[in-house]
Amino acid sequence: MAVNIDRLRELIVGGLNKKQIMDQLDIKNHPSLNSALINLMQHDDKVYKIKGGRSISESKTRTFKTSPKGSITLPSKYLSLGGFQPGDTFQGKIRGSKVILTKLEDES
């Protein structure tokens, strides 16, 4: 079932909590709500936080492993949580045991 993102936006902006939004939109489980929220954020190019719940970006800590060739693959679905899109360019920095990726603005 596709969620009406315009209605979802209205409910979030109106201050409804996660349970109220799920009831209003007849959403049966949290992954479906999270998926609809990701679609809304991608559509609006804006981050929304639902009252009474963590934002999706806060709740998506993942562990990644280097491949035998030393590369790391970050799934596009995971990157989309931060507003990243295929083809984006990043600057990488190593700080101790951390790798920091910063999206570079388009130069077109």
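Give me the pairs: first residue in segment 46-70 and closer than 16 Å to SER80 by Cβ, second residue modelled with pLDDT under 85 and aliphatic (A, V, I, L, M), beta-carbon distance under 6 Å, and six or more apart or on different chains, which are they? Qualifying pairs under 6 Å: ILE56/LEU81; SER57/LEU81; LYS60/LEU81.
Filtering segment 1-38 to residues that are touching a Leu at 6+ places or on another chain (Cβ under 8 Å), under 25 Å from TYR78 (Cβ atoms) and open to solvent by 30 Å² or more (accessible area, probe 1.4 Å) leaves VAL3, ILE5, ARG9, LYS18.
GLY53 meets the conditions (1) surrounded by 10 or more Cβ atoms within 10 Å (Cβ to Cβ); (2) at pLDDT 75 or above; (3) more than 12 Å from the chain's Cα centre (by Cα) in every case but one. The failed one is (2). For segment 76-95, enumerate the residues that are open to solvent by 90 Å² or more (accessible area, probe 1.4 Å), within 25 Å of LYS49 (Cβ to Cβ) and outside any loop (DSSP other than H, G, I, E, B). Within segment 76-95, just LYS77 meets the criteria.
The values are calculated or read from the model by the stated rules, or taken from the named source; none is laboratory data. Just so we're clear, the structure is a prediction, and the values are computed from it rather than from any experiment. With ideal geometry, Cβ positions are generated from the backbone for all residues, glycine too; neighbour counts draw on all protein chains shown. Quick note on the areas: whole protein, heavy atoms, side chains included, nothing else; ligands and nucleic acids left out. Shrake-Rupley method; radii C 1.70, N 1.55, O 1.52, S 1.80 Å.
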